[in-house]
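Taking it in order: structure first as structure tokens, then the write-up.
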Amino acid sequence: MGTLKREIGPILRISFLIMIVCGFLYPVGMTGIAQVTMNDNADGSLIYNEDNELVGSELIGQHVTDPKLFHGRLSAIEFDASGSGSNNYAPSNEDMIKRTSDAIEAWTESNPDTPVSDVPIDLVTDSGSGLDPHISPEGAYAQVNRISTLTGLSIEMLNDLIEEHTEGRDLGLFGEPRVNVLKLNLDLIEKIQ
């Protein structure tokens, strides 16, 4: 019995110490460092409109249906940030072919002035996470005719707006140039009003 008490005492003390360090001190310390060094990112990269109302996060895409605005990528999960992912279909999968065909058909109906051959693949396929907030610059430029017709804004002004919002490769090397759809649409809404 004495041996058992000698062995349990250190185990309990170490367990308690690990719970305090890993369950309290480390999370509080990391949160504090994040708040000081990268406050915007630590708070979710939230975006507010000119009335200081929360409109979204620059890290999570949104389902845009207004034909006067730029549309982002498709999402198999309807941009539900509580979980991410998309079906991992092969290009020959029947469901994938149908989903892509439906997306191309929807594109043709809402963008009759832009031929399907000019549509970047990112506008008719899902993103891997289902949450992607970006499209390619080509994806934004492909929507300019529709938006110009519906808003009365010039094609040149819309092209300049896209150019302003085009983000380059990270560190000049990684990733592809991209456009954050929410930020672009917020500026577009200001121009429309």
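Note down the nm distance, to one decimal, between modelled labels 7 Å out along Cα→Cβ at residue 96 and at residue 78.
Roughly 2.5 nm, to one decimal.
Could you compute the net charge surrounding residue 124? Neighbours are other residues with a C-beta less than 11 Å from the C-beta of residue 124; K and R count +1, D and E count -1.
Details: positive: 73, 99; negative: 102, 105, 122, 126.
After counting each charged neighbour, the total is -2.
Let me know the shape class of the stretch 123-193, please: from the alpha-carbon gyration tensor, a ≥ b ≥ c as square roots of the eigenvalues, rounded when a/c is under 1.5, otherwise prolate if a/b is greater than b/c, or oblate. Walk me through the intermediate numbers first.
Numbers: a/c = 2.07, a/b = 1.61, b/c = 1.28.
Note, shape of the stretch 123-193 comes out prolate.
Highest first, please rank the peptides 9-18, 174-183, 110-119 by the mean number of other Cβ atoms sitting within 10 Å of their residues.
On the way: 9-18: 9.8, 174-183: 17.4, 110-119: 13.2.
For the peptides 9-18, 174-183, 110-119, the packing ranking is 174-183, 110-119, 9-18.
Would you kindly compute the Cα radius of gyration of the stretch 38-139 and its largest Cα-Cα separation (Dmax), both in Å?
Expressed in Å, the Cα Rg and Dmax of the stretch 38-139 come to 15.3, 47.
Please state the shape class of the chain: rounded when a/c is under 1.5, otherwise prolate if a/b exceeds b/c and oblate if not, all from the C-alpha gyration tensor. If you can, show how the numbers build up before the last one.
Working: a/c = 3.36, a/b = 2.01, b/c = 1.67.
In terms of gyration-tensor shape, prolate.
Using a simple charge model, +1 on the beta-carbon of Lys and Arg, -1 on the beta-carbon of Asp and Glu, nothing else, what dipole does the chain show about its Cα centre, in debye to the nearest 20? List each step's numbers first, then the result.
Numbers: 12 positive and 30 negative charges, 262 e Å.
Approximately 1260 debye in magnitude.
A short reminder: the numbers here are calculations on the coordinates, not readings from a lab. From a predicted model like this one, the values you see are computed outputs, not experimental measurements. Reconstructed Cβ throughout: ideal geometry from the backbone, glycine too, with neighbour counts over all protein chains shown.
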